[in-house]
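Down below is the structure, laid out as structure tokens.
The values are calculated or read from the model by the stated rules, or taken from the named source; none is laboratory data. Computed from a predicted model, the values in this text were never measured in an experiment. Methodologically, a virtual Cβ is constructed for each residue, glycine included, from the backbone with ideal geometry; neighbour enumeration extends over all protein chains shown.
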């Protein structure tokens, strides 16, 4: 199993796609995408792997488990926070010697990607955001869950987010999570995912209070922002407000109509847009 030792923790990662594309008389270097999973409390196999496996044709994709999640074991709760996870991305890319990687983040991974870009943007070629935002409007999120599924669904979501307990996770996964996607959640998603509920419980206070709107004003590198329109957890209006706050970044904001989770409901279209974005920013090197 590949691990990158970044100092006080070993980050587990998987690679899809080669670094170079084979041509007739030479090789062509492909762009590298670092995929940061959501959560916290899950690993990269939740829906990152099925989405990114098909991107190997145009990029080298590296999927990681963030510290404390999945196989990147860290038993120090004081390190389970957005700033540390963003710093880890910088050290991970530096350790592997990656040149101008594109940093993709979905859900919580998007929060990490935004903070990373505000701190270390000179390292990256650009960032790609999917189903994420710079803050959580919890009242609006709970209202959206109630509109989708009724008062019982709202109550389960409120317990999961506001008073997290490992015992609530199965209820949220069974009742609330399916409302976030128009495509049925694969039945084996729980079997292939490593859960670390203690990280989710620890992260509660930051989850309810983080706000990156001022941080992301610093971002000046290209941003591709993919957003859904029907997900009660990642609200379109929050994504729009986030994009508008990136006042110094060249940003491509793409709305997917009648979509809950971009990776599941609009996979092929999203991959084409990502391919176009990274190839536009990346200067391939023939060797």
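Of all residues in the stretch 241-259 being closer than 30 Å to residue 156 by Cα and loosely packed, with under 15 Cβ neighbours inside 10 Å, which is modelled with the highest pLDDT?
Taking the stretch 241-259 and keeping what is closer than 30 Å to residue 156 by Cα, we get 241-243, 255-259.
Remaining after also requiring loosely packed, with under 15 Cβ neighbours inside 10 Å: 255, 257-258.
Values: 255: 97, 257: 94, 258: 93.
Ranking the candidates gives 255 first.
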- Given the conditions (1) touching a residue at least 40 places away in the same chain (Cβ under 8 Å); (2) surrounded by fewer than 21 Cβ atoms within 10 Å (Cβ to Cβ); (3) more than 17 Å from the chain's Cα centre (by Cα), report the number of the one that residue 75 does not fulfil. (1)
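For the stretch 1-74, which fully contained strands (runs of 3 or more DSSP E) count at least 2 residues that are under 24 Å from residue 280 (Cα atoms)?
Details: elements: 3-5, 10-16, 20-22, 27-29, 32-36, 60-64.
Per the criteria, 10-16, 20-22, 27-29, 32-36, 60-64.
Looking at residue 85, is it under 30 Å from residue 258 (Cβ atoms), touching a helix residue (DSSP H, G or I) at 6+ places or on another chain (Cβ under 9 Å) and part of a helix (DSSP H, G or I)? Can you show your working first?
On the way: under 30 Å from residue 258 (Cβ atoms): no; touching a helix residue (DSSP H, G or I) at 6+ places or on another chain (Cβ under 9 Å): yes; part of a helix (DSSP H, G or I): yes.
It is false that residue 85 is under 30 Å from residue 258 (Cβ atoms), touching a helix residue (DSSP H, G or I) at 6+ places or on another chain (Cβ under 9 Å) and part of a helix (DSSP H, G or I).
Is the stretch 1-10 home to any residue that is in contact with a helix residue (DSSP H, G or I) (Cβ under 6 Å, 6 or more places away or on another chain), crowded, with 23+ Cβ neighbours inside 10 Å and either at pLDDT 95 or above or at positive phi (or both)? Working first, answer last.
Of the stretch 1-10, the ones in contact with a helix residue (DSSP H, G or I) (Cβ under 6 Å, 6 or more places away or on another chain) are 4, 6.
The next check asks that each one be crowded, with 23+ Cβ neighbours inside 10 Å; those that pass are none.
No.
Only residues that are over 18 Å from residue 229 (Cα atoms) and surrounded by 15 or more Cβ atoms within 10 Å (Cβ to Cβ): list them for the stretch 139-154, please. Step through it out loud before you land on a result.
Narrowing the stretch 139-154 to residues over 18 Å from residue 229 (Cα atoms): 150-154.
Residues satisfying the conditions are 153, 154.
Which of the following residues is under 29 Å from residue 273 (Cα atoms) and in contact with a helix residue (DSSP H, G or I) (Cβ under 7 Å, 6 or more places away or on another chain): 129, 169, 142, 177?
Details: 169 fails: under 29 Å from residue 273 (Cα atoms); 142 fails: under 29 Å from residue 273 (Cα atoms); 177 fails: in contact with a helix residue (DSSP H, G or I) (Cβ under 7 Å, 6 or more places away or on another chain).
So the residue among 129, 169, 142, 177 that is under 29 Å from residue 273 (Cα atoms) and in contact with a helix residue (DSSP H, G or I) (Cβ under 7 Å, 6 or more places away or on another chain) is 129.
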- Item | From 223, 262, 278, residue being crowded, with 18+ Cβ neighbours inside 10 Å, under 24 Å from residue 61 (Cβ atoms) and in contact with a helix residue (DSSP H, G or I) (Cβ under 6 Å, 6 or more places away or on another chain) | 262
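Taking into account only those residues within the stretch 94-116 that are out of contact with any helix residue (DSSP H, G or I) (no Cβ under 6 Å at 6 or more places or on another chain) and outside any helix (DSSP H, G or I), which is surrounded by the most Cβ atoms within 10 Å (Cβ to Cβ)?
Kept after step one, since they are out of contact with any helix residue (DSSP H, G or I) (no Cβ under 6 Å at 6 or more places or on another chain), are these residues of the stretch 94-116: 94-100, 104, 106-110, 113.
Narrowing further to those that are outside any helix (DSSP H, G or I): 97-100, 104, 106-107.
Values: 97: 6, 98: 18, 99: 13, 100: 16, 104: 29, 106: 26, 107: 26.
Out of the qualifying residues, it is 104.
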- What residue, among those in the stretch 146-163 that are within 28 Å of residue 214 (Cβ to Cβ) and more than 21 Å from the chain's Cα centre (by Cα), is modelled with the lowest pLDDT? 162
- Task: Give 32, 49 a once-over and let me know the one that is touching a residue at least 24 places away in the same chain (Cβ under 8 Å), surrounded by 16 or more Cβ atoms within 10 Å (Cβ to Cβ), farther than 25 Å from residue 118 by Cβ and touching a strand residue (DSSP E or B) at 6+ places or on another chain (Cβ under 9 Å).
- Result: 49
